[in-house]
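Working notes for the structure below.
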Ligand SMILES: Nc1ncnc2c1ncn2[C@@H]1O[C@H](COP(=O)(O)OP(=O)(O)OP(=O)(O)O)[C@@H](O)[C@H]1O
Ligand SMILES: [Mg+2]
């Protein structure tokens, strides 16, 4: 579904990605793990068109993404939940969700959009209760759910999640991972960036490990979980905390 | 939307009943100037309040429209309405030329670019004597005519300007409540998130910038036909600042607040002669004070008062 071949991305002279290649098949949940500053966000932004790679190729469903603007990439079916709960604080919950469907927000699509809203409310009942409330007044966990729900409103074939559990209390972290698990069961293809490597590996099919802009490891999630190197570097105590 | 529609209807009623009470041409002339600045400020409010961009050159677009009308009607004898349309199109093209490279960049590049544009236009108005008449300007700009009527008297022109304003105000209300307006608000609230949803951030900013320049151009054309002459002085940097002050005082997130700001800053110096000498100082001070204590402007203060009264009545009722 998504094929990335040898991409390198720069911020001015600073190289943040070095010849990174990854691929994702339809229906897979793939996680991308790595320490702070490894280049995870950079990779997601390069896929979604917010950054332009200096070299390499990205294709989605066999179509090259070269030169496409972010809105065109969203239209093709890739949606990103940006790092750090980027919601519209002064819009209501409903308005936030509708903005997620911005690119197909026309009168003729109204029924379809209402159906999609109903689906999001089934997934996150708390958002239905709060739909008239300003998003800025939601709790941290609710805001993250809103950010995910909003991205889903674009009906993505591939969902890019950037550290959805960041800064949340353990109970909420658990809720977020349960949500991702449910999305996976519904057949959503997901690329998940996480520092919480244990929890991420537990719900993923495969994973890639990024270190200072380079891919250092990749493979089956179960295998990586037992890899001594990964256990030492990324699976601290958090693994046990979240899932036991 | 509902509140805006009510205010629009109330304003319409006011516009058409006011002439029953106003008889002096002087008051009409003040109302006309308020209406003309009101049109510019409506556009500028959408730019500042909804697209989160500042223009320090809107007086330049205002002048661009005025000069197009004046030059095309006096030197080339074009029909005034056609001249107005040509000015409008030219201004929008100019806004695109300026906006395309600058709105791509983050930060306040548009403010810088429009500041520069305002200065360049001012120089052109002053130096292109053949075309613009230089510092003395152009006289004998013809009156506007429509439906066998000549808009020569202050009263007739008052109706013309305010009908223009009401139409553009209605258009703006629709725009800010449309999908586009919501997207614009989304951009000014969180550009990263808006971009990640595929909202074409730069294109929408550009569009609203062009629309706001277009409003200024139309207002400029009306201004030229009202005074029947143009010269460079009303289109300089200080007027651009005054326009921004009107938006900020009224409340940059509120269209009716913008009209209030235009009314206040046009009428006050008329009636308080002292203000005229220290105009810039006063605007500067007002801008600083508003930014510090009432960033939502008069509209915000009034909305706050309304809430307060409602709550108080509520409490009274609860006690009774
Ligand atoms: N806008 C920028 N300008 C310059 N350098 C940047 C910029 N954004 C990121 N970088 C650098 O690029 C590298 C990769 O950053 P990136 O944000 O992709 O890391 P990350 O893996 O997402 O980290 P985190 O886990 O902290 O979110 C870092 O060294 C960072 O300092
Ligand atoms: Mg990151």
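Overview of values
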{"read-out": "Computed FRET value (nearest 0.05) for residue B:18 with residue B:272, which takes r as the C-beta separation and R₀ as 25 Å", "value": "0.70"}
{"read-out": "Rg to Rh quotient for chain B, alpha carbon positions, Kirkwood Rh", "value": "0.98"}
{"read-out": "Chain A, helix-only ellipticity at 222 nm - DSSP H runs n ≥ 4, -39,500 (n - 2.57), divided by all residues, nearest 500", "value": "-11000 deg cm²/dmol"}
{"read-out": "Two-site label geometry, residue A:214 and residue A:186: point separation in nm, points 7 Å out along Cα→Cβ", "value": "4.0"}
{"read-out": "For the protein assembly as shown, alpha-carbon Rg over 2.2 N^0.38 Å", "value": "1.16"}
{"read-out": "Column: log10 I(q)/I(0), Debye, Cα scatterers of region A:38-113, q = 0.18, 0.25, 0.26 Å⁻¹", "value": "-0.86, -1.20, -1.24"}
{"read-out": "Max mean-square fluctuation residue, GNM over chain B, Cα-Cα springs under 10 Å, options B:148, B:297, B:195", "value": "B:148"}
{"read-out": "Relative contact order of region A:1-100, pairs being alpha-carbon contacts under 8 Å that are 6 or more residues apart, as %", "value": "28"}
{"read-out": "Packing-based exposure ordering (other Cβ within 10 Å, fewest first) of A:174, B:312", "value": "B:312, A:174"}
{"read-out": "Rg over Rh [alpha-carbon atoms, Kirkwood Rh] for region B:1-144", "value": "1.02"}
{"read-out": "Relative contact order, percent, chain A [alpha-carbon distance under 8 Å, six or more residues apart]", "value": "27"}
{"read-out": "Whole-angstrom gap from region A:186-206 to region B:266-318, using each part's C-alpha centre", "value": "53"}
{"read-out": "Highest-fluctuation residue, A:77, A:67, A:140 considered, GNM on chain A with Cα pairs under 10 Å", "value": "A:67"}
{"read-out": "Longest to shortest principal axis, alpha-carbon extents of region A:114-244, angstrom", "value": "48, 29, 27"}
{"read-out": "DSSP-defined antiparallel bridges as percent of all bridges, the protein assembly as shown, nearest 5", "value": "55"}
{"read-out": "Fluctuation leader among B:276, B:53, B:155 - chain B, Gaussian network, Cα springs under 10 angstrom", "value": "B:276"}
{"read-out": "Region A:91-139-region B:88-144 distance, computed between alpha-carbon centres (Å)", "value": "43"}
{"read-out": "Residue B:179/residue A:75 FRET efficiency (R0 22 Å; Cβ-Cβ; nearest 0.05)", "value": "0.90"}
{"read-out": "Binned Cα-Cα distance frequencies in region A:135-185 - 10 Å width, integer %", "value": "24, 59, 17, 0"}
{"read-out": "Two-site FRET efficiency, residue B:120 against residue B:314, from Cβ-Cβ distance with R₀ of 60 Å, rounded to 0.05", "value": "0.60"}
{"read-out": "Gyration tensor over alpha-carbon atoms, region A:88-155, equivalent ellipsoid semi-axes in Å", "value": "19, 12, 10"}
{"read-out": "Label-point gap, in nm, between residue B:156 and residue A:59 - each point 7 angstrom along Cα→Cβ", "value": "7.0"}
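No lab work stands behind these numbers, since they all come straight from the coordinates. Given the structure is predicted, the values throughout are model-derived calculations rather than measurements. All Cβ positions, even for glycine, are placed from backbone atoms using ideal geometry, and neighbour counts span all protein chains on display.
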